[in-house]
Amino acid sequence: MKREFLRLTLALTAVTAATALLLGAANAVTADRIAQRQEEARQAAMQAVLPDARDFEPLSGAPDAVRAVYAARSGGTLCGYVVETAAPGFGGEIAVTVGVLPDGTVAGVEITSHAETAGLGARCTENGFLSQFAGLSAGFGVSKTGASGNAIDAISGATVTSKAVAGAVNAAIGAAAQMGGLS
């Protein structure tokens, strides 16, 4: 019995060590490619939310509620700010990139990652939902009965997701105002 236990323990240890070694090797081989693709996705999201901008200069001292703030410029002229932020949704964190014009209104919104329920909260990536934010300024809310005034229309069956994205966009507008002194 003791001998059998030792044999099984050694076999399990060998399999675990080999698996760890293979996972480490796979990570070493793919880490640079993953980082490059993440950077390309970040650049594409910034370009999507402020299409007129050509240069994105990172600003230091971003508020705690956001991940990063960039001054977006074209030919030296300020086009606005790009803010990367996140909010807790129904299925986990929702990463949001927001373009804010110098007057404090939203130019565009992109969802860069989420773990929301397919067919419900995952609809937060659809243009019909995201386009509602364009032109809004800080302090807007979420309505379950249709967009009106300074509110967006929630995704049916995904109010938590809708409120999370709205909160992230409001935080982004606030961060742009704090970092850039919007007009």
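Of note:
- Matching option when the condition is more than 13 Å from the chain's Cα centre (by Cα) and either assigned to a helix (DSSP H, G or I) or β-branched (Val, Ile, Thr) (or both), among VAL142, VAL109: VAL142
- Verdict on GLY61 being part of a loop (DSSP other than H, G, I, E, B) and either open to solvent by less than 30 Å² (accessible area, probe 1.4 Å) or farther than 16 Å from ILE173 by Cβ (or both): yes
- Single residue of segment 70-96 satisfying the filter (among the hydroxyl-bearing types (Ser, Thr, Tyr) and in contact with a Lys or Arg (Cβ under 8 Å, 6 or more places away or on another chain)) that is least open to solvent (accessible area, probe 1.4 Å): THR85
- Here GLY104 meets each of (1) within 19 Å of the chain's Cα centre (by Cα); (2) open to solvent by less than 20 Å² (accessible area, probe 1.4 Å); (3) small (Gly, Ala, Ser) with one exception, condition (1).
- Only one entry in ALA168, ALA164 is of a type outside the set (Ser, Thr, Tyr), outside any strand (DSSP E or B), touching a Gly at 6+ places or on another chain (Cβ under 9 Å) and open to solvent by less than 60 Å² (accessible area, probe 1.4 Å), namely ALA164.
- Pairs with Cβ under 9 Å, 6+ apart, first in segment 161-176 and over 16 Å from GLU126 (Cα atoms), second outside any helix (DSSP H, G or I) and acidic (Asp, Glu): ALA172/GLU84
The values are calculated or read from the model by the stated rules, or taken from the named source; none is laboratory data. Values in this document were obtained by computation on a predicted structure and should not be read as measured data. Reconstructed Cβ throughout: ideal geometry from the backbone, glycine too, with neighbour counts over all protein chains shown. Surface areas here come from the heavy atoms of the whole protein model, side chains and all, with no ligands, DNA or RNA. Shrake-Rupley method; radii C 1.70, N 1.55, O 1.52, S 1.80 Å.
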